[in-house]
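Below you'll find the structure, written out as structure tokens, and then a few comments.
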Amino acid sequence: MKTAYELAMERLNRAAPLTPLTEEQKREIAELESRYKARIAEREITLQQQIATARAAGDWAKAAELEQQLVQERRKLQEELEAKKERIRQGKA
């Protein structure tokens with residue numbers, strides 16, 4: 001008797017079979033992840049400095065706005081990364 005997990009994995013593989021990545025695809029994905037990790041870190045550092053400055057000045061509204069901007073930019077960059085990785089997986093780089 002199969003577990004629910006095993007049955008779910010079988011259905012998933014029928015719907016979208018897994019294809020192994022080539023070494024080139026793995027390299028491209030690793031390069032993308034590295035590049036986007038750096039971009040996210042750069043934005044976090046910049047915005048964290050601006051947030052700290054706004055807080056030090058007592059401008060809590062500006063600090064909250066910058067925190068929201070940080071969340072949005074992080075999400076946007078992560079979504080871009082995932083879309084590019086998916087294109088590489090599909091062979092449409």
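Throughout, read-outs are computed from the coordinates displayed, never taken from laboratory work. Since the structure is predicted, the reported quantities are computational estimates derived from the model, not experimental observations. Quick reminder, even Gly has a Cβ in these numbers, built from the backbone with ideal geometry, and neighbours come from all protein chains shown.
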Completion exercise
The relative contact order of the chain, taking Cα pairs under 8 Å that sit 6 or more residues apart, comes to a percentage of 32 percent
Handout entry: Leu21-Ala61 pseudo-label distance in nm [points 7 Å out on the Cα-to-Cβ vector]
Key = 4.6 nm
Problem - Tilt relative to the chain, helix 4-15 - C-alpha long axis, 0 to 90 degrees, to 10 - result: 90 degrees
Exercise for the section: Would you calculate, for the chain, the mean residue ellipticity at 222 nm contributed by helices, counting each DSSP H stretch of 4 or more residues as -39,500 (n - 2.57) and dividing by all residues, to the nearest 500? Expected result: -29000 deg cm²/dmol
Practice task
With r as the distance between the Cβ atoms of Glu82 and Met1 and R0 = 35 Å, compute the FRET efficiency 1/(1 + (r/R0)^6) and round to 0.05.
Solution key: 0.45
Practice task
Please find, in a Gaussian network model of the chain (springs between Cα atoms separated by less than 10 Å), the residue of Leu70, Leu32, Leu12 whose mean-square fluctuation is greatest.
Solution key: Leu12
Exercise for the section: Using only Cα atoms, find the angle between the long axis of helix 23-56 and the longest principal axis of the chain, and express it within 0 to 90 degrees, rounded to the nearest 10. Expected result: 20 degrees
Handout entry: DSSP loop trypsin sites (Lys or Arg not before Pro) with at most 12 other Cβ within 10 Å excluded, longest remaining stretch of the chain
Key = 3-91
Exercise for the section: Enter the angle in degrees (range 0 to 90, nearest 10) between the Cα long axis of helix 60-89 and the first principal axis of the Cα atoms of the chain, meaning the one along which they spread out most. Expected result: 20 degrees
